[in-house]
Amino acid sequence: MLGFALRFYWLGQVPAGFLSDEAAVGYNAYSLIKTGRDEFGQSWPLFFRSFGEGKLTLYVYEAVLPVLVFGLNQFSVRFMPAFLGSLTVGIIYLLTKELLQKKPLPRERIALLASFSLAVMPWHIHFCRGVFGQESLFWTALGSWLFLLGRRREKPFLTLAAFFSFTASLLTYHAARVFTPLWLMFLLVFCWQKTSRKRNLMKIILFSVLIIIPSVLIVKSSVGGARGGGISLFHSQSGVQIKLQESIMECRDKPFWLIRLFHNKLESYLRDLGQRYFSHFNPDFLFFSGDPLRPRYRVPHVGQLLLVQAPFFLVGIYLFFQLKLWPVSAWLALGPLPAAITFETPSSVRAIFMTLPLAWAVSLGINWFYGLFARKRKFLLAVFLVLIVFFSWSFGYYLDAYYVHQEVHQPYYWQYGYRQLVARINELEADYQRVEITDARGNPYIFFLFYNRYDPVKFQSEVWDNWEPAQKFSFEAIRKLGEKLYFVNQLCPAEKGAEEGVLYVCTQEHHPREEIKKGKVRVLETIDYQDGQEAFVLMEKVKGEADGKAVK
């Protein structure tokens with residue numbers, strides 16, 4: 001119940017912003033309901049073309065039922081991530097008991113502690129309250145539990161169900177393409193060593209081929225693999241090649257063999273990979289500041305875990321190896337890999353698989369401390385009261401940061417203001433010949449489709465006439481919607497000569513201040529972030545400069 005409460009409370013209102021990815025998932029689900037096709041007119045696709053990054057199948061299909069039941073709104077789009085994330089809190093309880101079979105440990109207590117640790121973990125809560133693809137964690141955890149349970153009880157149908165669950169994880173989020181096959185290979189090797197019935201295990205290995213097929217399809221697909229290729233460690237924007245060239249140039253007249261011995265692609269990429277991998281174990285990332293690159297992936301001034309969980313985490317990591325909990329250790333070791341092979345690290349969203357082993361580490365640490373003081377009842381009670389106070393403060397600090405500070409702390413990263421912009425444009429559109437909107441804050445067309453519940457049949461008929469191929473980071477764009485809405489690839493479309501009869505929408509940091517001061521362009525109104533800064537500026541050309549008043 002605690003897991004559900006923390007993931008569903010004010011789900012439609014917090015986070016206050018609404019991301020373009022969330023709007024895309026919601027509108028594509030809405031389009032499927034209405035037409036059986038996605039926004040680009042593809043019938044029940046395996047990959048969704050949205051923005052050209054290839055959103056995976058279940059990423060969108062999971063949203064169909066909530067949108068059908070609750071309508072097209074922010075709550076319905078976020079429903080399934082919150083629901084499956086809440087179920088993950090229960091799944092970790094079952095999975096923990098299965099992993100600790102034949103271990104001299106209190107399985108029930110540790111399983112409950114692991115479930116509680118995940119329920120209150122800021123990292124997991126954060127990604128359950130938006131569309132980030134964390135559902136892949138649920139499907140992987142469920143598949144792991146079914147796999148281990150089926151092996152122990154010798155029930156082939158449970159093993160088959162496990163592989164369907166693993167396949168579902170691959171079709172939910174790109175990070176699972178890296179983690180799930182590697183984790184499955186470990187399970188197969190681990191079980192091979194533990195079982196004497198090799199014939200049954202061969203059947204399991206045969207089933208594992210089913211896991212490889214979706215990954216291959218995703219990588220081979222130009223749409224499905226576009227996003228991964230755009231952020232890969234081997235992409236030119238990673239900077240590895242530039243650093244390598246700098247190192248070679250600095251060697252100047254040194255022998256060629258010596259230069260290549262210490263400065264080569266293998267060394268450069270392995271060093272970069274190692275740095276990115278271990279950045280996910282940085283204490284500042286885990287307990288103090290969180291994700292340093294994407295403010296939308298963190299809560300201000302809070303780490304990925306609660307500060308009170310730190311000592312238990314450290315003890316738990318030690319116990320992983322002391323107790324030879326190899327499956328748990330392997331899960332933790334594989335967790336950062338999907339993020340480490342990209343050039344954006346540390347990445348809390350791509351390292352989401354780390355959350356389960358971190359919860360296991362905390363639960364083992366708490367259990368160890370309990371065993372240490374179990375016979376000293378009065379001392380144990382005193383320690384327990386201190387921990388309750390520290391936990392209450394730590395968790396209260398997190399809730400304050402999430403519900404109070406997050407909406408005003410760097411709100412531009414949450415794409416706040418588009419709902420208000422769409423509503424205002426709807427009111428003003430009739431007074432203008434056309435409306436030109438900057439795309440400086442992402443792909444604005446999807447918000448007009450989402451909030452206006454734009455007819456999917458109409459959009460499918462016009463989409464390819466207004467489509468623009470991928471530019472930076474493999475994102476495609478739509479440049480026109482309906483008769484009047486134009487989405488312009490400029491920081492401010494009014495800067496290069498405003499025209500009469502056109503409503504311009506620019507961002508606060510990019511609008512024609514000189515033209516405004518001269519009275520040639522007039523600011524109609526602004527749409528503000530919740531911290532009072534301007535998100536969007538609506539303006540028009542003054543009809544006759546003599547009639548305009550300078551706006552400062």
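Here is a yes/no grid of residues against (1) in contact (Cβ under 8 Å) with a residue 24 or more places away in the chain; (2) under 30 Å from Tyr370 (Cα atoms):
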site: Phe4; (1), (2): yes, yes
site: Pro15; (1), (2): yes, no
site: Trp44; (1), (2): no, no
site: Ile92; (1), (2): yes, yes
site: Leu105; (1), (2): yes, yes
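Could we say that Ser348 is buried (at least 20 other Cβ atoms within 10 Å of the Cβ), out of contact with any strand residue (DSSP E or B) (no Cβ under 9 Å at 6 or more places or on another chain) and either of a type in the set (A, V, I, L, M) or within 18 Å of Tyr398 (Cα to Cα) (or both) here? Criteria met by Ser348. Counting only strands (runs of 3 or more DSSP E) that sit completely within the stretch 410-521, zero hold 1 or more residues that are within 30 Å of Arg298 (Cα to Cα), among the small types (Gly, Ala, Ser) and without any contact (Cβ under 8 Å) to a residue 24 or more places away in the chain.
Quick one: Leu261 ticks every box in (1) exposed (fewer than 14 other Cβ atoms within 10 Å of the Cβ); (2) within 27 Å of Met354 (Cα to Cα) bar one, so which box is it? Of everything listed in (1) exposed (fewer than 14 other Cβ atoms within 10 Å of the Cβ); (2) within 27 Å of Met354 (Cα to Cα), Leu261 misses just condition (2). Inclusion of Arg109 among residues that are surrounded by fewer than 20 Cβ atoms within 10 Å (Cβ to Cβ), assigned by TED's automatic domain parsing to the domain that holds Val14, in contact (Cβ under 8 Å) with a residue 40 or more places away in the chain and more than 30 Å from Val14 (Cβ to Cβ) is warranted. Of all residues in the stretch 477-498, those satisfying the criterion of being in contact with a strand residue (DSSP E or B) (Cβ under 7 Å, 6 or more places away or on another chain), among the hydrophobic types (A, V, I, L, M, F, W, C) and buried (at least 18 other Cβ atoms within 10 Å of the Cβ) are Ala477, Ile478, Leu485, Phe487, Val488, Cys492, Ala494, Ala498. Based on what the data block shows, is Phe373 surrounded by 15 or more Cβ atoms within 10 Å (Cβ to Cβ), closer than 19 Å to Val315 by Cα and at pLDDT below 85? It is true that Phe373 is surrounded by 15 or more Cβ atoms within 10 Å (Cβ to Cβ), closer than 19 Å to Val315 by Cα and at pLDDT below 85.
Checking Pro327, Pro300 one by one, the residue that is under 18 Å from Phe179 (Cβ atoms), in contact with a helix residue (DSSP H, G or I) (Cβ under 7 Å, 6 or more places away or on another chain) and not β-branched (Val, Ile, Thr) is Pro327 and no other.
Here is a yes/no grid of residues against (1) more than 19 Å from Ala470 (Cα to Cα); (2) modelled with pLDDT under 80; (3) within 29 Å of the chain's Cα centre (by Cα):
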residue	(1), (2), (3)
Arg227	no, yes, yes
Ile231	no, yes, yes
Gln237	no, yes, yes
Gln245	yes, no, no
Ile248	yes, yes, no
Cys251	yes, no, no
Leu258	yes, yes, no
Phe262	yes, no, no
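The values are calculated or read from the model by the stated rules, or taken from the named source; none is laboratory data. None of these values were measured; they are calculated from a predicted model. Ideal geometry is used to build each Cβ from the backbone, glycine not excepted, and the neighbour counts take in all protein chains shown.
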